[in-house]
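What follows is a single structure, written as structure tokens, with notes after it.
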Amino acid sequence: MAVVMDSQQTVRHPASLDGIGLHSGETVTMTVSPAAADTGILFRAADGTLIPANTDHVVDSNSATTVGAFGVRVRTIEHLMAAAAALGIDNLMVDIDGPEVPAADGSAKPFVDLLHSAGRVSLAAPRRPITIAQPIRVGTESRWIEVLPADSLRISYTLDNSHPIIGLQAGTFGINEEVFCEELAAARTYGFLRDVPAMRQNGLARGGSPENAIVVGKRSVLNDSLRFPDEFVRHKILDLVGDLALIGRPVIGEITAYKAGHALHSKFVEQILRAAEAEEGAPAMAARGIESFA
């Protein structure tokens with residue numbers, strides 16, 4: 001969502017990443033490859049099923065963002081999506097042989113590195129950013145997210161958690177490639193040790209460990225150290241950048257979020273698309289994904 005160039009971008013050549021899924025615990029290999037203009041981010045499962053990474057294909061936003069089509073799902077796409085958006089990569093084929101994007105170290109940095117290694121190339125198609133014209137707000141008094149008109153993408157996020165390790169954290173960042181790579185990409189996902197048994201019983205966090213997440217114990221984190229004093233809220237901003245990428249177009253506006261999460265992010269991006277459609281008088285998302293390969 002961050003880089004607003006004139007033309008759409010894709011990677012120059014394929015690049016691969018191996019790892020385990022944070023929630024599934026399964027080993028997976030993922031390969032990113034060039035894609036044509038107006039394809040968007042498109043996942044291709046081992047059986048050949050094509051799953052566009054857009055709002056129409058979000059099938060679950062509990063603890064992670066999951067997209068699906070024809071009964072096939074790919075889970076935890078938000079860190080890859082955030083890296084692609086921050087680097088201005090609009091179109092990407094993502095071949096994946098498992099049910100979940102590799103967790104890597106729990107941050108977006110390995111995906112930034114992967115995409116940097118794949119290079120970038122401009123395509124002969126214009127990028128069409130969505131410029132927010134009117135305020136949009138979703139949520140309740142206790143959890144909400146809103147966007148106001150502005151001349152660039154800026155995100156302010158407040159995290160208020162009763163756990164003494166987290167507490168009240170707030171961060172504001174103007175989102176561009178440099179800021180994302182230096183200030184946000186390395187911030188890791190996190191979870192509470194007390195919740196692990198119940199999560200695993202429900203099919204979550206089966207691959208989680210201090211190697212790919214901040215594990216928050218009763219009075220401390222199980223990891224050696226935090227990468228930033230406010231790493232928790234930085235990761236929330238990272239997640240929001242990834243979920244905004246489901247729109248398929250850069251967003252220009254001032255976003256403020258309070259105790260939001262993937263489910264609220266999903267409702268938010270749907271409202272942005274509806275507002276853009278009303279403003280433009282046509283579907284706000286270009287024809288992308290499965291249709292591009294019909």
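The values are calculated or read from the model by the stated rules, or taken from the named source; none is laboratory data. Since the structure is predicted, the reported quantities are computational estimates derived from the model, not experimental observations. When we count neighbours, we look across all protein chains shown, and the Cβ atoms used for this are built from the backbone with ideal geometry, even at glycine. Accessible surface areas use protein heavy atoms only, side chains included; no ligands, DNA or RNA. Shrake-Rupley method; radii C 1.70, N 1.55, O 1.52, S 1.80 Å.
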Across the range 13-36, what is the number of residues that are exposed (fewer than 15 other Cβ atoms within 10 Å of the Cβ) and of a type in the set (Val, Ile, Thr)? 2
Just one of the numbered conditions (1) charged (D, E, K, R); (2) in a loop (DSSP other than H, G, I, E, B); (3) touching a Gly at 6+ places or on another chain (Cβ under 9 Å) is not true of residue 56; which one? (2)
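Hey, could you check the range 160-169 for residues that are assigned to a loop (DSSP other than H, G, I, E, B) and free of Cβ contacts under 8 Å to residues at least 24 places away in the same chain and say which is nearest to residue 183 (Cα to Cα)?
167
Results for (1) surrounded by 13 or more Cβ atoms within 10 Å (Cβ to Cβ); (2) touching a Leu at 6+ places or on another chain (Cβ under 7 Å); (3) not hydroxyl-bearing (Ser, Thr, Tyr), shown as yes or no for each residue.
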| position | (1), (2), (3) |
| --- | --- |
| 163 | yes, no, yes |
| 178 | no, no, yes |
| 184 | yes, yes, yes |
| 196 | yes, no, yes |
| 215 | yes, yes, yes |
| 223 | yes, no, yes |
| 232 | yes, yes, yes |
Only one of (1) surrounded by 13 or more Cβ atoms within 10 Å (Cβ to Cβ); (2) out of contact with any Leu (no Cβ under 9 Å at 6 or more places or on another chain); (3) free of Cβ contacts under 8 Å to residues at least 60 places away in the same chain fails for residue 174. Which number is that? (2)
Hey, among 39, 10, which residue is within 24 Å of residue 272 (Cβ to Cβ), open to solvent by less than 20 Å² (accessible area, probe 1.4 Å) and either of a type in the set (D, E, K, R) or part of a loop (DSSP other than H, G, I, E, B) (or both)? 39
Based on this model, can you work out whether residue 45 counts as in contact with a helix residue (DSSP H, G or I) (Cβ under 6 Å, 6 or more places away or on another chain) and surrounded by 17 or more Cβ atoms within 10 Å (Cβ to Cβ)? no
Residues of the range 18-68 that turn out to be over 25 Å from residue 190 (Cβ atoms) and hydroxyl-bearing (Ser, Thr, Tyr), as a count: 6
